1. Determine, yes or no, whether VAL213 is closer than 30 Å to TRP52 by Cβ, of a type in the set (A, V, I, L, M, F, W, C), surrounded by 23 or more Cβ atoms within 10 Å (Cβ to Cβ) and touching a helix residue (DSSP H, G or I) at 6+ places or on another chain (Cβ under 7 Å).
2. Among the residues of region 13-32, are any modelled with pLDDT of 95 or more, within 24 Å of CYS215 (Cβ to Cβ), touching a Cys at 6+ places or on another chain (Cβ under 9 Å) and surrounded by fewer than 17 Cβ atoms within 10 Å (Cβ to Cβ)?
3. So VAL53 ticks every box in (1) in contact with a Ser or Thr (Cβ under 7 Å, 6 or more places away or on another chain); (2) under 29 Å from MET276 (Cα atoms) but one. Which box is left unticked?
4. Just wondering, is there one or more residues in region 43-55 that are touching a Gly at 6+ places or on another chain (Cβ under 6 Å), within 25 Å of TRP176 (Cβ to Cβ) and not hydroxyl-bearing (Ser, Thr, Tyr)?
5. Restricting to region 117-141, and then to whatever is crowded, with 20+ Cβ neighbours inside 10 Å and aliphatic (A, V, I, L, M), can you tell me which residue is farthest from ASP98 (Cα to Cα)?
6. Quick check on region 60-71. Is at least one of its residues at negative phi, touching a helix residue (DSSP H, G or I) at 6+ places or on another chain (Cβ under 8 Å), assigned to a helix (DSSP H, G or I) and surrounded by fewer than 21 Cβ atoms within 10 Å (Cβ to Cβ)?
7. Out of all the residues in region 72-81, which are surrounded by 20 or more Cβ atoms within 10 Å (Cβ to Cβ) and either assigned to a helix (DSSP H, G or I) or out of contact with any strand residue (DSSP E or B) (no Cβ under 8 Å at 6 or more places or on another chain) (or both)?
8. Residues that are in contact with a Pro (Cβ under 9 Å, 6 or more places away or on another chain), free of Cβ contacts under 8 Å to residues at least 12 places away in the same chain and not in a strand (DSSP E or B): does region 82-105 have at least one?
Amino acid sequence: MSEKSIVYFTRDLSPAGLKKLFARISVPLTGRVAVKLHTGEKNGPNIIPSAWVREFLGECLPDAAIVETNTFYAGDRDSTEKHRETLKINGWDFCPVDILDEEGTCMLPVQGGKWFTEMSIGSHVTRYDSLLALTHFKGHVMGGFGGSNKNLGIGMADGQIGKKMIHQREGSDDMWSIAMDELMERIAESTKATVDYFAGHISYLNVLRNMSVSCDCEGLGAQPVVTPNIGMVASLDILAVDQASVDLVYALNPADNKALTERIETRHGLRQLTYMKELGMGSNVYDLIDIDNGEAVIRPKEAVAHVVPFSPFAL
C-alpha cells in the first residue's frame, strides 16, 4: 500500500476517549465481535483499566466478547483454570471472556511469509465475524514494543503450539531461542494470519498510557513507568496505527522517551514495522487526525506538545 492511511488521535485518556475514537473505526465491525486485549498477569499495574473497557463495551459493543489465549511461559495464565482466576482478579468479569485455545487450535494460512505457511490460533476464533484489537501500547522485553501487531501476533496464537512456533527454534530446548529481527518477522507473520482471516472486518485502537519498557505479561515485575502518557490512536490499518504510535513516542522530548526508545532499538523492534510493510499489511504513510481539534491533520510533534514530564502520581 502506497497511499496514505488515516490514523485518528485523541489526548482524552478515558472511556469517553475510547468511545470517540471507536466511532471513527466501527463500521467494519459486524456480526459477532471479538475484542482482543491484553488482560494482564495478576494485579498488573499498567493494563488498560477494566472499568474503562466496561463502560466502553457497555455502550459501544454490548454483545462483544473479550478474547484471549493461554501463555507459553509458566505464570498466572498458562492454563485455562489459572487464566480465569487471573481474569477475575484483574476485573475482567463484566462480560464474556473467551479463551480461544480452551478447546484446541486451528491453523490459519500465512500468505507470503518466509517463516510460516500457517499459524496455530485458538480454535474459538472461528466463532467471530469481526475483531477489534484494543491494545495497550508499551515496551516489550523481546519485541522492543508491543502494539497492535504484538497483541495479535502473540495474543491470538495458542499457548502450546502457536506461541512455540514463534518463540522456539525447532530442535532447541530454549523456549526463547528466536530473537531480534527473526522474532519480529515471525510475530508479524502470525499477525497476518489473523488480519487476513478477518479481512475487511477488523479495526485497531492503541492506548499510549502507562508505557513501561515492560510488557503487561510481566505483571507486578514490570519496570517502573517513566514515559509520559500521550493519548490514543485508532485506524483501520494495523501498520499505520503502530507506526503512528512509535512516531508519537519518538516525537517526545529525548529526556521523556529515552527508556522506551532504547528498549525498542536494542530489541530491533522497528523491524516489526518494516516487515509488516514488506508483507503488504498496510501503509507506514498516514495522516494523523486530531479529533480533539476539528479533525485537523497534525504532525506527531504537535500531538505531543501537550505532554508534561512523567509523574508517578499521575498513574
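1. Yes.
2. no
3. Condition not satisfied by VAL53: (1).
4. yes
5. Only one residue tops the list, namely MET119.
6. yes
7. PHE72, ASP76
8. No, there is no match, as no residue in region 82-105 is in contact with a Pro (Cβ under 9 Å, 6 or more places away or on another chain), free of Cβ contacts under 8 Å to residues at least 12 places away in the same chain and not in a strand (DSSP E or B).
The values are calculated or read from the model by the stated rules, or taken from the named source; none is laboratory data. Keep in mind it's a predicted model, so treat the numbers as computed, not measured. Ideal geometry is used to build each Cβ from the backbone, glycine not excepted, and the neighbour counts take in all protein chains shown.
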